[in-house]
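Colleague: One structure coming up, written as structure tokens, with questions to follow.
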Amino acid sequence: MAKKILIVDDEPGIIEVMVDYIKMSDLDVKVISAESVDKALELVLKQKPDLIVTDIAMPNKNGIEFLREIRIRQLKIPVVVVTGHADEYMLEQAWKVGANACLRKPLNRKDFINGLSELLQKGSDFIYDSASVPSPRVVHLMLSQELMKKAVLAASKSKLSVEDWIVAGVEASVN
């Protein structure tokens, strides 16, 4: 039976790109989508997806609020947060609330599919596992929550960006 991925983005064109990427892959999944958090919550409860991909910046309720609703309901569904313009604070909030991965737009097709595949394989085993270290092929996509927290803290105390600290932390953990 095919697993289900829920894609949430207020821009239909972005949803279409992600769906196309998934269709071009080897993933055996059914894709459902929503253009608002309210519709997405309804689909989560009815369709019970195996993985959620959500944008952060959306009108009315944003992706962080959506993720918070999922975690409050104790739904053990891996969540990938996708953003084109979130600042460090928003990324920090995503990790604090329980995001399993954060990706930046524009999406690289291969990295996107590899990240989804990894999370679909791990399923709910990857939820709240801040000590886990992702496989090397997706380490640049899925950072442990602990590494993200350290990067955000380090960036707040220096002139370097969170991304610079993440790269430094990933390189240190690989070596």
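Rule-based calculations on the coordinates, nothing more; no lab input. What you see is a predicted model; the values in this text were computed from it and never measured. Cβ coordinates were reconstructed from backbone atoms using ideal geometry, including for glycine residues, and neighbour counts include every protein chain displayed.
Colleague: For region 39-97, which trypsin sites (Lys or Arg not before Pro) are both in a DSSP coil and crowded by at most 15 other Cβ atoms within 10 Å?
Modeller: Sites meeting the loop and neighbour criteria: K61, R73, K76.
Colleague: So, one more: Checking the a/c ratio against 1.5 first, then a/b against b/c, what shape does the Cα gyration tensor give for region 3-133?
Modeller: rounded
Colleague: Under a 5 Å amide H to amide H cut-off, with H placed in plane at 1.01 Å, what residues pair with L51 once short-range neighbours are removed?
Modeller: Amide H neighbours of L51, under 5 Å, 5+ apart: K4, L6.
Colleague: Here is a follow-up. Starting from the Cα gyration tensor of region 1-56, take the square roots of the eigenvalues, sort them a ≥ b ≥ c, and report rounded, prolate or oblate (rounded when a/c is under 1.5, otherwise prolate if a/b is larger than b/c, else oblate).
Modeller: Because a/c hits 1.5 or more and a/b fails to exceed b/c, region 1-56 counts as oblate.
Colleague: Also, I was wondering about something else. List, in order, the whole-Hz ³J(HN,Hα) value for each residue of region 47-57 obtained from phi through the Karplus relation with A = 6.51, B = -1.76, C = 1.60 and θ = phi - 60°; use x for Gly and Pro.
Modeller: With the stated coefficients, region 47-57 comes to 8, 6, x, 8, 7, 10, 10, 10, 6, 8, 7 Hz.
Colleague: For K61, enumerate residues with amide H under 5 Å from its amide H, sequence gap 5+ or separate chain, H modeled in the peptide plane.
Modeller: V37
Colleague: Using a simple charge model, +1 on the beta-carbon of Lys and Arg, -1 on the beta-carbon of Asp and Glu, nothing else, what dipole does region 3-133 show about its Cα centre, in debye to the nearest 20?
Modeller: Rounded to the nearest 20 debye, it is 420 debye.
Colleague: Could you give the length gained by full extension between M24 and Q47, i.e. 0.36 nm per residue of separation minus their alpha carbon distance, to one decimal place?
Modeller: 6.0 nm
Colleague: Over region 3-133, what is the mean sequence separation of C-alpha contacts under 8 Å (at least six apart), divided by residue count, expressed as relative contact order in percent?
Modeller: Answer for region 3-133 is 23 percent.
Colleague: Assuming a ≥ b ≥ c are the square roots of the Cα gyration tensor eigenvalues, decide whether region 70-110 counts as rounded (a/c under 1.5), prolate (otherwise, with a/b larger than b/c) or oblate.
Modeller: Verdict is oblate for region 70-110.
Colleague: Same structure again: Give the long-range amide H neighbours of S33: residues separated by 5 or more places, or on another chain, with amide H under 5 Å away, using H modelled in the peptide plane at 1.01 Å from N.
Modeller: I7
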